[in-house]
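FYI, it's all coordinate maths here, none of it is from the lab. A quick note: this is a predicted structure, and the numbers were derived from the prediction, not measured. Cβ placement follows ideal geometry from the backbone for every residue including glycine, while neighbour counts extend to all protein chains displayed.
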Amino acid sequence: MRFLPLVWANLMRHKRRTVLTTASVALALFLFASLRSVVTTLQANGEVGSESRMIVQSAKAITFFLPRSYEERLLAVPGVQAVSFALWFNGVYRDPKDFFAQFAVDPESYLDVYAGDYSLPPDQRAAFVRERTACIVGKRLMDKFGWRLGQNITLRGTIFQGDWTLTIRGVYREIDPIFSEDALHFHYDMVYERYPRWVSPGWYVLKLKDPSLAPQVASFVDSIFKNSSDPTKTGTERAFNASFVTMWGNVSFLMNSIGMAVVFAILLVAANSMMLSARERISEVGVLKTVGFGDGLLFRLVMIEASAIALGGAVLGLGAAKALFRPSGFSAMGFLPGFDVTAGTLALGLGIAVLLALASGLVPALNAARLNAVQALRHVE
Amino acid sequence: MKIPLIYNIRSLLRRPVSSAMTALGVALVVGVFIAMLALANGFKMALVRTGSPDNVLVLRKGADSELSSGIGRDNAAIIAALPEIATGADGRPLASPEVFVPVNLAAAGGGGDRLVVARGVTTQAFEVRHNVRIVAGRRFAPGRDEVVLGTAIASLLAHSAVGDTIHFGGRGWMVAGHFSSGGSAFESEVWGENEQLMPVLRGQVYQVVAFRLANPALFDQTRRTLEDDPRLQVDAHRESEFYAAQSSVLRIILNFLAVFITGIMAIGAVFGAVNTMYAAVASRTDEIAVLLTLGFPPRSVLASFLAEAAFLALVGGLLGCLVALPINGIVTSTTNWSSFSQLAFQFMVTPGILVRGVLFSLVMGVLGGFFPARRAARIPVVEAIR
């Protein structure tokens with residue numbers, strides 16, 4: 001297009017205005033991408049977990065323990081290949097603000113059930129299994145606190161009173177996010193020894209021979225324990241994780257409404273700026289028409305100018321969001337692990353930028369196209 | 001010598017579309033700002049109102065929530081015998097040993113389960129927690145499988161009408177009534193008799209003991225008595241402070257979001273105001289030169305344009321308040337992660353929040369108007385008037 005230099009000159013005439021408008025579009029789309037990523041990250045976290053593993057929890061509530069004796073009976077259920085169990089420990093390291101997940105697990109069976117979802121050197125695994133006060137820690141958590149292999153750390157129990165000193169014997173990397181790198185795993189027996197009359201597994205993990213057996217296994221397990229004093233609620237691991245995500249409440253509605261408000265507010269800024277520019281150029285457009293610029297061409301020139309601002313802002317804002325969150329390891333204090341701006345969000349952001357360009361450029365562009373040259377030139381000095 | 005404000009207002013009205021767009025932009029920012037603060041405030045108030053400064057809540061030593069606490073019957077009896085406890089009309093101490101247990105209850109509309117707190121109390125609890133009122137039906141009868149539901153949670157559950165039966169802990173419980181408690185977290189709970197609820201949890205323990213102080217000023221002394229007693233391993237908290245602290249995690253998140261989101265939005269809106277005001281100054285160069293020639297000092301011109309920007313933003317701020325007001329009272333719910341259970345609360349717009357919104361808009365106006373106003377004040381008269 002040979003008139004691009006003209007568009008550029010127009011943009012550069014009010015450098016400050018162009019920069020400020022582009023910056024506000026960029027900020028808006030940065031914010032939009034951030035808000036939408038909260039929603040997509042929550043959704044993604046709800047889809048973590050395997051369909052070939054099931055979680056057996058107490059039907060009363062997740063906070064109730066299940067008897068240790070269930071392990072044998074679960075192993076005997078047709079379709080179940082392996083069984084393990086875990087307990088939510090909820091200890092405090094240093095300060096409640098330094099929260100991270102701690103699971104008291106049955107080491108061997110737990111690491112077997114989750115085989116393939118993490119990587120842990122065999123010698124470290126052996127050291128962890130051998131020593132009752134040992135623990136394994138995710139790489140991210142190690143880095144966060146600057147821990148070293150072999151170091152002792154002390155947790156203060158909230159549910160399980162007292163101080164608990166653990167020795168770090170292994171550092172694992174996650175392969176699947178279900179085995180989060182932001183967590184610590186240690187021996188269930190350590191907790192059990194201190195409170196033998198009270199402590200028992202918080203939930204059981206079943207590994208199925210075949211994921212398609214899940215519905216039968218679920219109803220079979222629940223029917224075994226239906227009339228016991230500890231009835232169970234069995235579901236796939238994925239459903240178990242999704243239930244925690246829904247506990248946040250209607251986050252997506254909140255984020256989407258704010259996102260709409262942001263986009264609309266910025267539309268006003270961009271449209272206003274385009275209109276200000278157009279008003280100042282009435283006489284100029286008159287001159288262009290007189291020297292032979294067609295209506296259609298003038299319409300296009302204004303639209304291109306509006307698009308340059310909207311798309312330039314979009315690329316900046318969306319790019320910043322993409323470049324900032326994931327590499328910096330942002331996770332909202334551990335509440336949103338794996339926070340990332342998805343391709344879908346980027347596409348949606350670009351779509352909004354196109355709409356923004358259309359909405360902010362349309363009126364000034366139409367005005368320019370329809371302008372009566374004679375009237376416009378009346379103002380020329 | 002001041003330039004009358006009416007000059008600025010008339011100037012704004014000369015370019016209605018541009019002024020309206022700028023004001024609307026500010027209005028949206030202020031609206032979102034107020035909504036976010038109202039959300040954080042509502043959540044906080046639900047928990048703050050739960051506790052009374054006259055009450056003491058006793059938990060097991062080191063327990064950070066009612067969920068992780070446990071107090072044996074013998075200890076509860078020792079606590080209830082403290083002389084500092086107020087006595088009711090019947091001469092018995094106003095102390096309520098309570099069972100606290102989250103249970104799965106069927107959600108309304110077949111939406112699966114919800115984790116809801118079931119609190120086992122004595123009849124004394126209705127006097128200790130004096131903001132609790134039965135609004136439908138009656139209290140549960142001691143010795144029966146009956147419960148009363150908080151109004152906030154009743155609307156979220158299936159079979160929650162008075163006379164219906166809800167199921168948890170392997171038994172059915174008749175809903176004897178609904179209670180309200182001034183918007184506090186209790187409204188998200190199910191209350192039954194502690195002796196009936198204790199078997200649900202297995203084990204002969206209460207989770208907390210709540211009691212009313214005869215003299216609230218003696219809290220520190222009472223706390224020392226309890227915490228120094230070698231027979232007990234407990235922490236005593238002022239009830240109001242304990243529940244307020246429970247809201248801290250989510251409140252930090254909400255406040256961070258409010259600042260992050262509205263901060264970025266505000267920068268965008270300020271940029272919009274800067275554009276508008278620069279354009280205004282540019283198109284009124286002649287006028288400004290005339291004003292300066294007439295003898296208005298540059299500082300009056302500066303003040304006048306600042307006032308114009310502030311006024312424009314103020315209109316936006318007020319509009320934002322109007323837009324945000326209807327959200328007041330809307331009920332939403334989330335999980336109180338300290339108890340792992342559902343907590344329903346309302347958006348609460350307070351006059352203080354509205355004032356902050358308006359002040360916020362003024363700040364945006366002044367920030368956006370400053371540089372353009374300075375430009376106006378420095379216009380070289382001779383050149384401009386040529």
field: Average Cα contact separation per residue, segment B:256-386, under 8 Å, 6 or more apart, as relative contact order %
entry: 43 percent
statement: Expressed as a whole number, the average count of other chain Cβ atoms within 10 Å around the Cβ atoms of B:272-280 is 6
message: Number of Lys pairs in the protein assembly as shown with C-alpha atoms less than 29 angstrom apart, excluding same-chain neighbours closer than eight positions?
response: 21
statement: Whole-Hz Karplus couplings 3J(HN,Hα) for segment B:352-359, θ = phi - 60° and coefficients 6.51, -1.76, 1.60, Gly and Pro as x, run x, 5, 4, 4, 5, x, 5, 4
- prompt: A:PHE225's amide H: which non-local residues (gap 5+, or another chain) put their own amide H closer than 5 Å, with H modeled 1.01 Å from N in plane and none for Pro or chain starts?
  reply: A:THR232
statement: Scalar couplings 3J(HN,Hα) for segment A:287-301 by Karplus 6.51 cos²θ - 1.76 cosθ + 1.60 (θ = phi - 60°), nearest whole Hz, x for Gly and Pro, are 4, 4, 5, 5, 7, x, 5, x, 4, x, 5, 5, 4, 5, 4
field: Pairwise label distance in nanometres, B:GLU287 with A:LEU324, each label 7 Å out on the Cα-Cβ vector
entry: 3.8 nm
task: Report, as an integer, the average count of C-beta atoms from other chains found within 10 Å of each Cβ along A:223-231.
output: 1
query: Going by average Cβ neighbours within 10 Å, how do the peptides A:209-217, A:306-314 rank, with the highest at the top?
result: A:306-314, A:209-217
query: Tell me, what is the percent relative contact order of chain A, built from C-alpha pairs under 8 Å that lie six or more residues apart?
result: 28 percent
message: Test of the criteria: in segment B:225-307, which trypsin sites (Lys or Arg not before Pro) are in a DSSP loop and have at most 11 other Cβ atoms within 10 angstrom of their Cβ?
response: B:ARG231
statement: To the nearest 20 debye, chain A has a Cα-centred charge dipole, built from +1 on Lys and Arg Cβ and -1 on Asp and Glu Cβ, of 1280 debye
query: Roughly speaking, what is the centre-to-centre gap between segment B:19-39 and segment A:82-127 when only Cα atoms are used, to the nearest Å?
result: 47 Å
- request: Grab the beta carbon distance between A:ARG148 and A:SER252, set R0 = 41 Å, and tell me the FRET efficiency rounded to 0.05.
  value: 0.50
query: Can you pull the mean other chain C-beta count within 10 Å for peptide B:323-335?
result: 2
- prompt: Nearest 10 degrees, 0 to 90: what angle lies between the long axis of helix B:298-324 and the longest principal axis of chain B (Cα atoms)?
  reply: 40 degrees
message: Treating only the Cβ of Lys, Arg, Asp and Glu as charged (+1, +1, -1, -1), what charge dipole size does chain B show about its Cα centre? Round to the nearest 20 debye.
response: 1560 debye
- prompt: Could you give me the ³J(HN,Hα) list for segment A:165-179, computed from phi with Karplus coefficients 6.51, -1.76, 1.60 and θ = phi - 60°, whole Hz, x at Gly and Pro?
  reply: 9, 10, 10, 6, 10, x, 10, 10, 9, 8, 9, 10, x, 4, 9
- prompt: Relative to the longest principal Cα axis of chain B, at what angle does helix B:16-48 sit, 0 to 90 degrees, rounded to 10?
  reply: 20 degrees
Over chain B, relative contact order from alpha-carbon pairs under 8 Å, at least 6 apart, %: 29 percent
